[in-house]
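Colleague: I have a structure here, written as structure tokens, and I will follow up with some questions on it.
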Amino acid sequence: MFSSPGIQPREHVDMIYISMETAIALVSVLGNVLVVMVVCVNRALRDTTFCFIVSLAVADIAVGALVIPLAIVISLGLKTQFYTCLFLACLLLIITQGSILSLMAIAIDRYLRVKIPIKYSIIVTQNRAWVAVFLCWLLSALTGLVPMLGWHNEHTHGNLSTTSDDIIVCTFTTVMRMDYMVYFNFFGWVVVPLTIMIALYAEIFRVIRKQLNMRAEATCDTSKYLHKELKLAKSLALVVLLFALCWLPLHVMNCIVFFCPECGMPKSAMYVGIFMSHVNSALNPLVYAFRIQRFRATLVQIARRCMLCKHKETSPCPNQPSPPPLAKKTPVHP
């Protein structure tokens, strides 16, 4: 997504790339729409952590519905005005930054939950969580739109006569400066948040392990609660790990292009990096489904409702029996 290969005649590798991207887009949208549905259906999942998970799911839906189609169109050689192309590139950055900040908000939320368990419910309320989600996306928009303020490639790409009214072949590197991508976007808004998240999860695991050791003879309920917290923290840390594994290759390739222009970067390698960054959006629902028991149970309920609707067309869906609603929120059980 961030480093678009040069426009060449459509080769076999291009068609494979487009086919795989289309499949990932469908999986990303469907999977993350299910994530939002699960949180809406199950009241027990409507806690502060899942506010941020919904924010992350919305970013992943945007990747499938907007980012991947844009990446495919750009790979085919879209011709447009400079600032139109630049805005599209900034839109991709905003969505990606929203994912990163949502992940960091989740890490901070879990850290507060284990660090100050008694005051947690007083400090971290539902309204404050949604305010934090809004701030995450506001900050994402501000950082992603920085190139629109002048940190871009106009007058520096190709020749000095290039203007904003000229029609250009829209690629990411045509409009976006690599010093912005490497120093500001990667080092400032990817490496720093990832480092903070690693430190937070390391501290979360340390605190929970310490509490488990100190309370070896504590009540069964306390021990069970701590083990559930530990399992949920591991699941969310896995989401962060997958994000890093999927996104770092593309950023590393950007660094190579920037620091070693003569090294060159194969088109196929760039496609792999772009594809891996998009695959990440399809992985998160799988992590939730396989690692969080309450999420999985609600997903099964939704699937059963859909099957009942299909097999009993004579009876409207709303009249089908549904699981009784929970009277109140309960702790998230992984």
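The values are calculated or read from the model by the stated rules, or taken from the named source; none is laboratory data. Please read all numbers here as calculations on a predicted model, not as lab measurements. For neighbour counting, all protein chains shown are included, and Cβ atoms are generated from backbone atoms with ideal geometry for every residue, glycine included. Note: areas computed on protein heavy atoms with side chains; ligands, DNA, RNA excluded. Shrake-Rupley method; radii C 1.70, N 1.55, O 1.52, S 1.80 Å.
Colleague: Considering only segment 175-212, state which residues are under 30 Å from LYS79 (Cα atoms) and basic (Lys, Arg).
Modeller: Once the filter is applied, which keeps residues that are under 30 Å from LYS79 (Cα atoms) and basic (Lys, Arg), segment 175-212 yields only ARG177.
Colleague: Quick one: how many residues across segment 57-92 are closer than 22 Å to GLY150 by Cβ, open to solvent by less than 10 Å² (accessible area, probe 1.4 Å) and touching a residue at least 60 places away in the same chain (Cβ under 8 Å)?
Modeller: 5
Colleague: Cβ contacts < 7 Å: first residue under 16 Å from ASP109 (Cα atoms) and touching a residue at least 12 places away in the same chain (Cβ under 8 Å), restricted to segment 200-212; second residue among the charged types (D, E, K, R) and open to solvent by 30 Å² or more (accessible area, probe 1.4 Å), any location; separation 6+ or different chain. Result?
Modeller: Close Cβ pairs satisfying both conditions: VAL207/LYS115.
Colleague: Criterion first (under 30 Å from PHE205 (Cβ atoms), in contact with a helix residue (DSSP H, G or I) (Cβ under 6 Å, 6 or more places away or on another chain) and modelled with pLDDT of 85 or more) does PHE258 satisfy it?
Modeller: For PHE258, the condition - under 30 Å from PHE205 (Cβ atoms), in contact with a helix residue (DSSP H, G or I) (Cβ under 6 Å, 6 or more places away or on another chain) and modelled with pLDDT of 85 or more - is not met.
Colleague: Answer with yes or no whether LEU299 is touching a Gly at 6+ places or on another chain (Cβ under 7 Å) and in a helix (DSSP H, G or I).
Modeller: On the way: touching a Gly at 6+ places or on another chain (Cβ under 7 Å): no; in a helix (DSSP H, G or I): yes.
Spelling it out, it is not the case that LEU299 is touching a Gly at 6+ places or on another chain (Cβ under 7 Å) and in a helix (DSSP H, G or I).
Colleague: If the Cβ limit is 8 Å and pairs must be 6+ apart or interchain, which residue in segment 293-314 that is closer than 25 Å to LEU232 by Cβ pairs with which residue that is at pLDDT 85 or above and charged (D, E, K, R)?
Modeller: Here the result reads none, with nothing in segment 293-314 linked to a residue that is at pLDDT 85 or above and charged (D, E, K, R).
Residue-by-condition table, conditions (1) open to solvent by less than 20 Å² (accessible area, probe 1.4 Å); (2) within 13 Å of the chain's Cα centre (by Cα):
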{"residue": "LEU245", "(1), (2)": "no, yes"}
{"residue": "PRO249", "(1), (2)": "no, no"}
{"residue": "VAL252", "(1), (2)": "no, no"}
{"residue": "SER268", "(1), (2)": "no, no"}
{"residue": "ILE274", "(1), (2)": "yes, no"}
{"residue": "LEU283", "(1), (2)": "no, yes"}
{"residue": "VAL300", "(1), (2)": "no, no"}
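Colleague: Within segment 93-104, can one find any residue that is in a helix (DSSP H, G or I), surrounded by fewer than 19 Cβ atoms within 10 Å (Cβ to Cβ), in contact with a helix residue (DSSP H, G or I) (Cβ under 9 Å, 6 or more places away or on another chain) and among the small types (Gly, Ala, Ser)?
Modeller: The answer is no; no qualifying residue exists.
Colleague: Here's something else I'd like to know. Residue by residue through segment 211-227, note down the ones that are part of a helix (DSSP H, G or I) and either surrounded by 12 or more Cβ atoms within 10 Å (Cβ to Cβ) or modelled with pLDDT of 90 or more (or both). Walk me through it before giving the result.
Modeller: Pass one, segment 211-227, residues part of a helix (DSSP H, G or I): 211-214, 220-227.
Within segment 211-227, GLN211, LEU212, THR222, SER223, TYR225, LEU226, HIS227 qualify.
Colleague: Just need a number here: residues in segment 19-46 that are open to solvent by 30 Å² or more (accessible area, probe 1.4 Å) and either among the acidic types (Asp, Glu) or in contact (Cβ under 8 Å) with a residue 40 or more places away in the chain (or both).
Modeller: Here is the first cut: in segment 19-46, the residues open to solvent by 30 Å² or more (accessible area, probe 1.4 Å) are 19-20, 22-23, 26-27, 29-30, 33-34, 36-37, 40-41, 43, 46.
Next, from what is left, pick out any that are either among the acidic types (Asp, Glu) or in contact (Cβ under 8 Å) with a residue 40 or more places away in the chain (or both): 20, 22, 27, 34, 37, 41, 43, 46.
Residues in segment 19-46 being open to solvent by 30 Å² or more (accessible area, probe 1.4 Å) and either among the acidic types (Asp, Glu) or in contact (Cβ under 8 Å) with a residue 40 or more places away in the chain (or both): 8 in total.
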